[in-house]
Structure formats: C-alpha cells, structure tokens
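Trainee: Mind looking over this structure? Questions follow.
The values are calculated or read from the model by the stated rules, or taken from the named source; none is laboratory data. All values reported here derive from a predicted model rather than from experimental measurement. Note that each Cβ is placed from the backbone with ideal geometry, even for glycine, and that neighbours are counted across all protein chains shown. Surface areas here come from the heavy atoms of the whole protein model, side chains and all, with no ligands, DNA or RNA. Shrake-Rupley method; radii C 1.70, N 1.55, O 1.52, S 1.80 Å.
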Amino acid sequence: MDAKTDRLVRKLRLRHLELLVALADTPTMRGAAARLHLSQPAISKMLGEIEGCFGERLFERGHQGIHANALGRAAVYRARAVLHELVRATEDVDALRDGVAAVLRVGAPSVTATVPAAIIRLRERLPGAAVHVREGRVHELFRRLLDGELDCVFAAVTPELLSGDMLPLLRPEVLLGDELCVMAAASNRQAARRGLRWADLRGAPWVVPPKETLVRQAFMTAFLNDGATPPEPVVEVMSSVTIGAVLRMDPSLLCAVRLEQAIDEIARGGVRRVSVAPVMGLPSFGLYTRSGRADPPAVLRAFAEAVRQVGERLASRRRPR
C-alpha cells in the first residue's frame, strides 16, 4: 500500500463514502444533507475533508448545484462499489451463519438455457452454495454489476456494449457463440424438408420476438439477404413458455429464436429444429465480471467453469440432426 492510499485508509470514513454517493444522486448540498440527516455546514466540512484526502477537487460548485467532475465521478464509482460490497458482506455473513457455504449473485436475461444448467452444475460441485438470479435489461444488469450488487452478468455482446463506456470496466470470463434458430412442431411437414432457404419460408406464419431485439433484427436480415421481404409475425412474444406452448398447439407455426434458448425447448419434446440456409449468426453470449477485481471468490470461479462446460455441451448439439 502506497503512502497516499494509506492516508486515505486512515482518514476516510464510511460516512465520507456515503456523502460521495449522496452528492452524485442528489446534486445539492441541501439534498445530501437531508439524505444523510446532517446539517449543510457539516456536509460542506465533510466534502472538504474528502477532497483534502484525495488532494484534488472532486466536485464543481455552481448556481445549478454541485456536480462531480471526472475525478469525482471516478471516486463516486468506487465509493458506491465499496458500500455495496459492505452490504454484500453483511448478507453473506448472515447466510453463512444460516449454513450456506457461499452466495453468488448472477444477472441474466429472462430467457436463457445456459444459466439454469450452469447453476445445477455449480450446485453439484458446491452443494452448499446459494444462487440469487436477477433478471432485467442488459444495461441495467451491467450497471448493477459495476455498482457491486452482482458478482457476474450473463449477457449478449451487443453493439451498444461494444461502443459504450462500460466495456473497459468489464472482464469477459467465458464467451459462447450463438446463431438464429428456426423451430416448429415435430408434426410440421415443412420442418422435415431439406434444402430450405429463408425465402422459401416467406409465406409461413411466424412467431418472433419484438422488433427491438437482436433476434428479430437478425430474422429480418436473414430474409433481406436472401432477396425476400421479411414477413410480419402472427405472434410477437419473448417468453419461452409461450413460444413452446403455441408451437405445440398449432403445428403450422414457425418460430425464430436464439439457438441457446431453443436447445432446451427441443429437449422437452414436441418441437424440432428446422434446418434453414444460410446460417445467421448472432452476437456471442459472455459471462462478465468487474475488471480489476482481484482473486474472485471460489464460487464465482466455479460458476464460470460451469458456464464453460454447459457452453461446450450446447456447442456439440448446434447442428440439427
């Protein structure tokens, strides 16, 4: 530990970290004072102490309130992570006291075959582990990861992620390839045909996700690349439960989904994969952790290995029979 860090450890208190976060969330002295139940002079004094510890101005004062500069934003980011880690530590101690061996917090989309399978593998290896899955939008999950609320996030590598400012703060643990998959009821005669191209399926009734999803965009691109106008769906839905149900009840329907999602649905029976050329790739899935985190806990390393093993199993089943 260098001298500057040692000084921060000795001088900064958790209350100082709370103030950094409060000023970022409610950028006025009055708002921060109300949030922390302190007077405005006390808030001003504490902020002076914080900036004295860092040896730099972290916030710019003006008529519109107080706003973090670049150095302040970096300090707020770390302060928020430290406070969340403290909450996590308290929760983990309580869980360990109740007999849980380890706690893992995973962010994931609501539709994925990999995460449930990886959780089962993790539990086989570490029976005493508890896994808390938080579902939501990718951007929200990454923000919760960076804030320290989650240990990892399983998500697609989207163009927004590649071009955004979060990527340097993230570390990919495992990357799994994926592609667009067409499913139909096992009794669908069209599903048994060989040599199908996307244009051949232009007139079929389709079940697809909403337009803002990567799957829907790849679906439309597949038809355009094959010289055909993309068809309008008869059913637009995200839920894998609904997709499986409608395919099994109406054998005329075709569905476009991620192969990562389709494999589990096919394994349940009653639906099959339809071979369509050419193959339409989708952005890979990745398991992400925070960059710069030293010595990830054993439960996180075990989960990453479980995701890798599940990915290898799914990859071996990529090609339709």
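Trainee: Got a number for residues in region 220-239 being over 28 Å from S110 (Cβ atoms) and either open to solvent by less than 30 Å² (accessible area, probe 1.4 Å) or in contact with a strand residue (DSSP E or B) (Cβ under 7 Å, 6 or more places away or on another chain) (or both)?
Mentor: Here the count works out to 2.
Trainee: Moving on to the next point. Do we have L196 as at negative phi and open to solvent by less than 10 Å² (accessible area, probe 1.4 Å) here?
Mentor: For L196, the condition - at negative phi and open to solvent by less than 10 Å² (accessible area, probe 1.4 Å) - is met.
Trainee: Testing L150 on (1) open to solvent by less than 60 Å² (accessible area, probe 1.4 Å); (2) touching a strand residue (DSSP E or B) at 6+ places or on another chain (Cβ under 7 Å); (3) in a helix (DSSP H, G or I); (4) not small (G, A, S), one condition comes back false. Which one is that?
Mentor: Only one criterion is unmet by L150, namely (3).
Trainee: Return a yes/no flag: does region 163-186 have any residue that is modelled with pLDDT under 85, assigned to a strand (DSSP E or B), in contact with a strand residue (DSSP E or B) (Cβ under 8 Å, 6 or more places away or on another chain) and over 21 Å from P297 (Cβ atoms).
Mentor: There is at least one residue in region 163-186 that is modelled with pLDDT under 85, assigned to a strand (DSSP E or B), in contact with a strand residue (DSSP E or B) (Cβ under 8 Å, 6 or more places away or on another chain) and over 21 Å from P297 (Cβ atoms).
Trainee: Could you figure out which of (1) surrounded by 21 or more Cβ atoms within 10 Å (Cβ to Cβ); (2) small (G, A, S); (3) part of a loop (DSSP other than H, G, I, E, B) isn't true of G203?
Mentor: So G203 meets the others, but not (1).
Trainee: Condition first: not β-branched (V, I, T) and not in a strand (DSSP E or B). Now tell me which residues in region 153-162 satisfy that.
Mentor: P159, E160, L161, L162 - these are the residues of region 153-162 that are not β-branched (V, I, T) and not in a strand (DSSP E or B).
Trainee: When you look at A117, is it assigned to a strand (DSSP E or B), touching a helix residue (DSSP H, G or I) at 6+ places or on another chain (Cβ under 6 Å), open to solvent by less than 30 Å² (accessible area, probe 1.4 Å) and under 28 Å from R248 (Cβ atoms), yes or no?
Mentor: Answer is no for this residue.
Trainee: While we're here: Take P168 and decide whether it is surrounded by fewer than 20 Cβ atoms within 10 Å (Cβ to Cβ), in contact (Cβ under 8 Å) with a residue 40 or more places away in the chain and under 14 Å from the mean Cα position of the chain (by Cα).
Mentor: Here the answer is no, as P168 does not meet what is asked.
Trainee: In the set E135, E85, E91, E124, which member is open to solvent by 80 Å² or more (accessible area, probe 1.4 Å) and out of contact with any helix residue (DSSP H, G or I) (no Cβ under 9 Å at 6 or more places or on another chain)?
Mentor: Result: E91 is the single residue among E135, E85, E91, E124 that is open to solvent by 80 Å² or more (accessible area, probe 1.4 Å) and out of contact with any helix residue (DSSP H, G or I) (no Cβ under 9 Å at 6 or more places or on another chain).
Trainee: Residues of region 16-28 being part of a helix (DSSP H, G or I) and in contact with a helix residue (DSSP H, G or I) (Cβ under 7 Å, 6 or more places away or on another chain), which ones?
Mentor: Selection gives H16, L17, E18, L19, L20, V21, A22, L23, A24.
Trainee: Within the bounds of region 37-54, is there any residue that is in a helix (DSSP H, G or I), open to solvent by less than 80 Å² (accessible area, probe 1.4 Å) and among the charged types (D, E, K, R)?
Mentor: yes
Trainee: Identify all residues within region 3-27 that are within 24 Å of G62 (Cβ to Cβ) and open to solvent by 60 Å² or more (accessible area, probe 1.4 Å); write none if there are none.
Mentor: E18, D25
Trainee: Moving to a separate point now. Considering only residues that are open to solvent by 20 Å² or more (accessible area, probe 1.4 Å) and either outside any helix (DSSP H, G or I) or free of Cβ contacts under 8 Å to residues at least 12 places away in the same chain (or both), which ones fall in region 255-275?
Mentor: Hits for region 255-275 are R258, A267, R268, G269, G270, R272, R273, S275.
Trainee: Say we look at region 244-254 and pick out the residues that are in contact with a Pro (Cβ under 9 Å, 6 or more places away or on another chain) and crowded, with 17+ Cβ neighbours inside 10 Å; which of these is farthest from D226 (Cα to Cα)?
Mentor: L253
Trainee: Considering only residues that are small (G, A, S) and within 13 Å of A79 (Cα to Cα), which ones fall in region 1-47?
Mentor: A22, A24
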